[in-house]
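Enquirer: The structure under discussion is supplied below as structure tokens; questions concerning it will follow.
The values are calculated or read from the model by the stated rules, or taken from the named source; none is laboratory data. This one's a predicted model, so the numbers in the text were calculated from it and none came from an experiment. Glycine gets a Cβ as well: all are built from the backbone with ideal geometry, and neighbour counts include every protein chain shown.
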């Protein structure tokens, strides 16, 4: 589903746009299954190490990790390598997802390998994110590269379970100074004094698109369930991305000029297995 001219203008003017009802269970359920398998692997690992006494196999998709984390007293942050799978590739390559990316970046699309599954736990601090710009984490090499994030909730989200917030128009501010708060980067100035934030409740099937300069944040999850989401990233093909791909290999996802250049699941898997240092740690400056 290519975005309308009005949606594209909204993105250009305000730095974000929400596309409603883009995806269905056919695209999202395999990703949920990959996440559930990762949670199951973790449960068995912890159980074998006697860190938990119950596998919680009957708990739901949104409750199992809560129970595990309550017993271990630990909190998950972001998953990349743990959920690497054909299901992730298929979501990255879903025609409706690529249509959104093409509407905003053009028809020559490369997937950036730093997708992230976010298990936002009830009361979790690691995933309660302050205002930030993605280029603050990427560093100087990213400043000339258009980087589009597509944030996809895997459950319905609102302010209660920590939906995303944006500062409309912050995409035009450039990269502002930031500093570490010990866990995350945060701006050195009060960015809410510049413009009024906007919360973005969303339903499963919606996609939020924003650029690397758009300030965004998420509040605490005060529900009793995990707020699962995944964010995907794309750039126009042809930019120097080695600074990112040495850790998170990407691949060509769509090309109107040269369709034969599109790279398969097997090729991407080979890049990931070629000895590069793929980790579950976010890019840091």
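Enquirer: Could you please tell me which pairs satisfy a Cβ distance under 8 Å, a separation of 6+ or placement on different chains, a first residue in region 213-224 that is more than 30 Å from residue 141 (Cβ to Cβ), and a second residue that is outside any loop (DSSP other than H, G, I, E, B)?
Expert: These pairs meet every condition: 219/165; 221/120; 221/227; 224/66.
Enquirer: What number of residues in region 148-162 are over 30 Å from residue 237 (Cβ atoms) and either crowded, with 22+ Cβ neighbours inside 10 Å or modelled with pLDDT under 95 (or both)?
Expert: Number of matching residues: 3.
Enquirer: Suppose we filter 110, 128 for residues that are closer than 19 Å to residue 222 by Cα, in contact (Cβ under 8 Å) with a residue 40 or more places away in the chain, crowded, with 16+ Cβ neighbours inside 10 Å and within 21 Å of the chain's Cα centre (by Cα); which single one remains?
Expert: From the options 110, 128, the qualifying one is 128.
Enquirer: Being closer than 17 Å to residue 155 by Cβ and surrounded by fewer than 19 Cβ atoms within 10 Å (Cβ to Cβ): is that true of residue 33 here?
Expert: Against the criterion (closer than 17 Å to residue 155 by Cβ and surrounded by fewer than 19 Cβ atoms within 10 Å (Cβ to Cβ)), residue 33 qualifies.
Enquirer: Oh, and also: Just give me the residues in region 21-48 being closer than 23 Å to residue 166 by Cα and touching a helix residue (DSSP H, G or I) at 6+ places or on another chain (Cβ under 9 Å), in sequence order.
Expert: 22, 23 - these are the residues of region 21-48 that are closer than 23 Å to residue 166 by Cα and touching a helix residue (DSSP H, G or I) at 6+ places or on another chain (Cβ under 9 Å).
Enquirer: Still on this structure, please answer the following. If you go through region 226-260, how many residues are surrounded by fewer than 12 Cβ atoms within 10 Å (Cβ to Cβ), in contact (Cβ under 8 Å) with a residue 24 or more places away in the chain and part of a helix (DSSP H, G or I)?
Expert: The qualifying residues number 0.
Enquirer: Do we find that residue 19 is modelled with pLDDT under 95, over 22 Å from residue 249 (Cα atoms), buried (at least 16 other Cβ atoms within 10 Å of the Cβ) and in contact with a strand residue (DSSP E or B) (Cβ under 6 Å, 6 or more places away or on another chain) in this structure?
Expert: It is false that residue 19 is modelled with pLDDT under 95, over 22 Å from residue 249 (Cα atoms), buried (at least 16 other Cβ atoms within 10 Å of the Cβ) and in contact with a strand residue (DSSP E or B) (Cβ under 6 Å, 6 or more places away or on another chain).
Enquirer: Among (1) closer than 20 Å to residue 17 by Cα; (2) free of Cβ contacts under 8 Å to residues at least 60 places away in the same chain; (3) crowded, with 17+ Cβ neighbours inside 10 Å, where does residue 187 come up short?
Expert: With respect to (1) closer than 20 Å to residue 17 by Cα; (2) free of Cβ contacts under 8 Å to residues at least 60 places away in the same chain; (3) crowded, with 17+ Cβ neighbours inside 10 Å, residue 187 is out only on (1).
Enquirer: Now for a separate question. Return the residues of region 195-212 that are surrounded by fewer than 19 Cβ atoms within 10 Å (Cβ to Cβ) and either in a strand (DSSP E or B) or modelled with pLDDT under 95 (or both); say none if nothing qualifies.
Expert: Hits for region 195-212 are 198, 199.
Enquirer: Now a separate question. Looking at this structure, is residue 18 touching a helix residue (DSSP H, G or I) at 6+ places or on another chain (Cβ under 6 Å) and either within 30 Å of residue 199 (Cβ to Cβ) or assigned to a loop (DSSP other than H, G, I, E, B) (or both)?
Expert: no
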